[in-house]
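In what follows, a structure is listed as structure tokens, so that the remarks can point back to it.
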Amino acid sequence: MDVLSLDLLVVALRLATPVAFVALGELFSERAGIINIGVEGSALAGALIAGIVAHYSGSAWLALAAAVGIGMLLGFIHAIWCVYLRANHVVAGAAVNILVAGLALFLTVLVWDWRGRSASVVSLDPWILVWLLLVLVVVAQVFLFRTRWGLRLRVVGEHPQAADTAGINVYRTRVAYSVLTGALCGLAGAFLVNNLGRFTAGMVGGRGFIGIAAMVVGNYKPIPAFLAAYLFGFVDALQMRLQDVIPSEISMMLPYVLTVIVLAGFLGKANVPAALGKPYIKEQG
Amino acid sequence: MNERERSVRGEAVRMEGIVKRFPGVTANAGIDLSLNYGEVHGLLGENGAGKTVLMSVLYGLYRPSEGQIYLEGNPVSIDSPAVAIRAGIGMVHQHFMLVPRLTVADNMVVGWETSRGPFLDRKRIRKRIKELSEQYGLEVDPDSAVEELSVGEQQRVEILKALYRGAEVLILDEPTATLPEQEVEAFFTTIRAMRDEGKAMVFITHKLREALTICDRVTVLRKGEKVGTVPTTDATEAQLAEMMVGREVVFEVQRDRVASEGRPLLQVEGLSAVDDRNVPAVEGVDLTVHDHEILGVAGVQGNGQTELVEAICGLRSAVQGHVMLNGEAVTGSSPRKMAEAGLVHIPEDRHRRGLVLNFSVAENAILGRQYEAPFAIGHVGQSKRAIAGYARELVERFSVVVPGVRTPARALSGGNQQRVILARELDRKPKVIVAAQPTRGLDVAGIEFVWEQLLAMRREGAGILLVSMDLDELMTLADRLVVMYQGKLVGEHRPGETDKQQIGLLMLGGAVETS
Ligand SMILES: Nc1ncnc2c1ncn2[C@@H]1O[C@H](COP(=O)(O)OP(=O)(O)OP(=O)(O)O)[C@@H](O)[C@H]1O
Ligand SMILES: [Mg+2]
């Protein structure tokens, strides 16, 4: 059997897309200093809303917009928690994940009368979103390192006090990029629905977390983060072929095992933004 | 506007009746300050007098509780640094506001970028930095990362950063506190160049001699109130000191010669260590500190002193060599073991190593002893009462100015933060004290206080390793003096037998002579 082929590379790209959207999203948050592990739930929320809106409106484009919108809303709420209420970033993110997981079961029953999945819905050609991703990755790379906003973003995540004294509004910057993270997670979710033609509650299946891992492996840089996500997609594609050869229980573990191994090698070597996860307390009276 | 016009432009800033209250403290109690173009205006006062707060109000970091600021005669409300920058006000902070990982150029322009469309115009930025560097004699390489720069270079970056933003009013908060003596003159040349350009500058310092040298007028604050503004032409050091403290200050330290018994307390043999970037920073250092003795280590910052101190105190692993405490090998022991064996450390970076800024003064006062009775109850409990009581006693004994022991350490003035650290470490009755820049940023009374404390410890028999940039301090306190240059110790001297010039020369790598 021809396991390795050009076809495999193409399938890999498709499988990597949701991971890469999340990786890109997490990158903006963390560069601003906010950890968002709620990306998993945000992507699921995007998928859920995309399914529901497509179901009722019959418009795949409207569904896409709704997915982005819900992502932005969740990103905004996360930012308010972390920036203004100084909640623990990880706890706030976990809350989103739990909330959305519950909501997915509840709303699928309400809308389709099925627990955890939808009927098939109208969808776009998923390749539209793949191309969008590729464009965004390049734009993000340029944005981060060549534009003034990118520079400000990096300073906010590294040394918020320096940013503040340089006349940059740290709080507003953090909120804005957290919203952007949400939007990208929404796109990840929308892609999954358009790819499958329906919603299922398990469709994100850890891809949000793997997106975070890809971003770390990519050392907080858009193009390397994309490549790390692509590696995941590639192994995922490969394991699907291998299912004929080895038991699927084992092959399906491969992408996750790979993630753990690669992460173990990279963790501690990445240039983590210095102020990541720390609230910025503006000295005021 | 040309230069001539600028210098006759008159009053740049007038602050009227500025009041700034924090919970429990009035940091500024109705202060008036007038600042002219073409003037260097000194701002003096003891630790906690309110200098930084007053300037933070001018820079938009704090909103005043009362009072009004005028820029060129117009009332303004400066509620953020962004507004201040746009109004032509720049500030070089007591603690630098630079991102270590970014380049000099990026640090300089962030928030005020020169761009072509959305893109940073790195070519024009570099050109502008070069122009400013040349104009004011502030040499830096725009492309090197800030983490690779010495303190002096970082300071140049900070000044250039303000100039890049078009600052006409420049606030300098203790710029010379971290500057090696050899670089102060060059720094003053820059200040004079800026003054001749017509810029208005506020210069905060604890060194009265510097204030008299470089300032045109000085304003003295005491406990949040303004004592007065005087022209430096007819002021003396003694007079200024009296204004600051409210009483006459004697600049003399009782320095009784106690004979050492010659018992070595701290012995370091062939110690080598690398810095954070794995570059050798300390190379084969030998030194011995005896009982009743202060061994001074002079040197320009960045010659391995930081790494030497950390390697001795167990905060950095030694590549080679031994450290012996009281005859026992302690190389590589944990700081806790070190402290229990009688060695305490007064760190040079009080924010990174000395205090947990978000913790209260009380919690900071027992850091490192949290497991001891009466602070700990069993293995998990902590006695808040014992901790607070002890902290109150320390605050009292070491004259820390603080509203209460539950105030977070970050709300203390720089000098008072240092007092908390000193109080904590010296109260452990150590046999060996490793003190790095212990008087940096302290006012006259504070310096006097630390010196007295160190000498008292010495009288009681402690051995002290004193690392300092301040040659006067070393000449006053040290029994023996060594110079650290590029990771090695060069020459040993007895203060009194050598002069400052000779040591200064050694610090810059001048000929090593064995006397
Ligand atoms: N953010 C804050 N919250 C509460 N109190 C503060 C805050 N900042 C400063 N203070 C208090 O205001 C007073 C003045 O502090 P300030 O930092 O202006 O002193 P300073 O004159 O600059 O002293 P130093 O020479 O030690 O730097 C101090 O008593 C300090 O504890
Ligand atoms: Mg100060």
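The values are calculated or read from the model by the stated rules, or taken from the named source; none is laboratory data. The shown structure was predicted, so the numbers you read here are calculated from the model rather than taken from an experiment. Don't worry about glycine lacking a Cβ; one is built from the backbone with ideal geometry, like all the others, and counts go over all protein chains shown.
Summary table below
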{"quantity": "Pair list, Cβ < 9 Å and 6+ apart or interchain, from segment A:147-164 residues that are within 21 Å of B:Ile125 (Cα to Cα) to residues that are assigned to a strand (DSSP E or B)", "calculated": "A:Thr147/B:Ser115; A:Thr147/B:Phe119; A:Thr147/B:Leu120; A:Arg148/B:Ser115; A:Arg148/B:Phe119; A:Arg148/B:Leu120; A:Gly150/B:Leu120; A:Leu151/B:Leu120"}
{"quantity": "Residue identified as among the β-branched types (Val, Ile, Thr) and not in a helix (DSSP H, G or I) among A:Val193, A:Val204", "calculated": "A:Val204"}
{"quantity": "Residue within segment B:76-91 that is within 16 Å of ligand 1 (Cβ to nearest atom), over 22 Å from A:Gly150 (Cβ atoms), within 22 Å of the chain's Cα centre (by Cα) and modelled with pLDDT under 95 present", "calculated": "no"}
{"quantity": "Criterion: out of contact with any Lys or Arg (no Cβ under 7 Å at 6 or more places or on another chain) and not assigned by TED's automatic domain parsing to the domain that holds B:Glu328 - qualifying residue of B:Arg440, B:Arg458, B:Arg392", "calculated": "B:Arg392"}
{"quantity": "B:Val13, sole failed condition from (1) away from every other protein chain (no Cβ under 14 Å); (2) within 15 Å of ligand 1 (Cβ to nearest atom)", "calculated": "(2)"}
{"quantity": "Qualifying residue in segment B:454-471 (condition: within 25 Å of B:His206 (Cα to Cα) and within 14 Å of chain A (Cβ to nearest Cβ))", "calculated": "no"}
{"quantity": "Complete set of residues in segment A:171-188 that are within 14 Å of chain B (Cβ to nearest Cβ) and farther than 15 Å from B:Asp79 by Cβ", "calculated": "A:Thr173"}
{"quantity": "Some residue of segment A:237-251 being small (Gly, Ala, Ser), more than 14 Å from every other protein chain (Cβ to nearest Cβ) and free of Cβ contacts under 8 Å to residues at least 60 places away in the same chain", "calculated": "yes"}
{"quantity": "Qualifying residue in segment A:116-139 (condition: free of Cβ contacts under 8 Å to residues at least 60 places away in the same chain, more than 16 Å from the chain's Cα centre (by Cα), at negative phi and outside any helix (DSSP H, G or I))", "calculated": "no"}
{"quantity": "Test: residue in segment B:408-428 that is over 27 Å from B:Val151 (Cβ atoms) and surrounded by 19 or more Cβ atoms within 10 Å (Cβ to Cβ)", "calculated": "no"}
{"quantity": "Test set (1) farther than 19 Å from B:Lys429 by Cβ; (2) at pLDDT 90 or above; (3) out of contact with any strand residue (DSSP E or B) (no Cβ under 6 Å at 6 or more places or on another chain); (4) among the small types (Gly, Ala, Ser) - B:Ser317 fails condition number", "calculated": "(2)"}
{"quantity": "Residue match in segment A:204-219 (condition: within 14 Å of chain B (Cβ to nearest Cβ) and either farther than 30 Å from B:Ser80 by Cβ or away from ligand 1 (no atom under 16 Å from the Cβ) (or both))", "calculated": "yes"}
{"quantity": "Pairs, first assigned to a loop (DSSP other than H, G, I, E, B) in segment B:429-443, second hydroxyl-bearing (Ser, Thr, Tyr) and within 16 Å of ligand 1 (Cβ to nearest atom), C-beta under 7 Å, six or more apart", "calculated": "B:Arg440/B:Thr178"}
{"quantity": "Tally of residues being within 16 Å of ligand 2 (Cβ to nearest atom) and within 11 Å of chain A (Cβ to nearest Cβ) across segment B:16-25", "calculated": "3"}
{"quantity": "Lone unmet requirement of (1) closer than 28 Å to B:Gln370 by Cα; (2) in a helix (DSSP H, G or I); (3) away from ligand 2 (no atom under 16 Å from the Cβ); (4) not hydroxyl-bearing (Ser, Thr, Tyr) for B:Leu505", "calculated": "(1)"}
{"quantity": "Those residues of segment B:256-276 which are without any contact (Cβ under 8 Å) to a residue 24 or more places away in the chain and within 22 Å of B:Glu348 (Cα to Cα), in sequence order", "calculated": "B:Asp276"}
{"quantity": "Which listed residue, of A:Leu85, A:Leu103, A:Leu134, A:Leu110, is within 15 Å of A:Leu184 (Cβ to Cβ) and surrounded by fewer than 24 Cβ atoms within 10 Å (Cβ to Cβ)", "calculated": "A:Leu134"}
{"quantity": "Tally, over segment B:472-490, of residues that are in contact with a Lys or Arg (Cβ under 9 Å, 6 or more places away or on another chain), surrounded by fewer than 23 Cβ atoms within 10 Å (Cβ to Cβ) and in a helix (DSSP H, G or I)", "calculated": "3"}
{"quantity": "Residue ranges of strands (runs of 3 or more DSSP E) in segment B:36-89 with at least 2 members more than 14 Å from every other protein chain (Cβ to nearest Cβ) and in contact (Cβ under 8 Å) with a residue 12 or more places away in the chain", "calculated": "B:40-45, B:66-71"}
{"quantity": "Candidates B:Lys130, B:Lys123, filtered to the one that is more than 10 Å from every other protein chain (Cβ to nearest Cβ), more than 23 Å from B:Leu172 (Cα to Cα) and assigned to a helix (DSSP H, G or I)", "calculated": "B:Lys123"}
{"quantity": "Flag if B:Leu367 is farther than 24 Å from B:Thr26 by Cα and touching a residue at least 12 places away in the same chain (Cβ under 8 Å)", "calculated": "yes"}
{"quantity": "Single unsatisfied condition, A:Leu153 versus (1) closer than 30 Å to A:Leu105 by Cα; (2) surrounded by 22 or more Cβ atoms within 10 Å (Cβ to Cβ)", "calculated": "(1)"}
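This table checks each residue for (1) buried (at least 23 other Cβ atoms within 10 Å of the Cβ); (2) within 14 Å of ligand 2 (Cβ to nearest atom).
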{"site": "B:Leu33", "(1), (2)": "no, no"}
{"site": "B:Glu66", "(1), (2)": "no, no"}
{"site": "B:Ser77", "(1), (2)": "no, no"}
{"site": "B:Ala87", "(1), (2)": "no, no"}
{"site": "B:Met91", "(1), (2)": "yes, yes"}
{"site": "B:Gln94", "(1), (2)": "no, yes"}
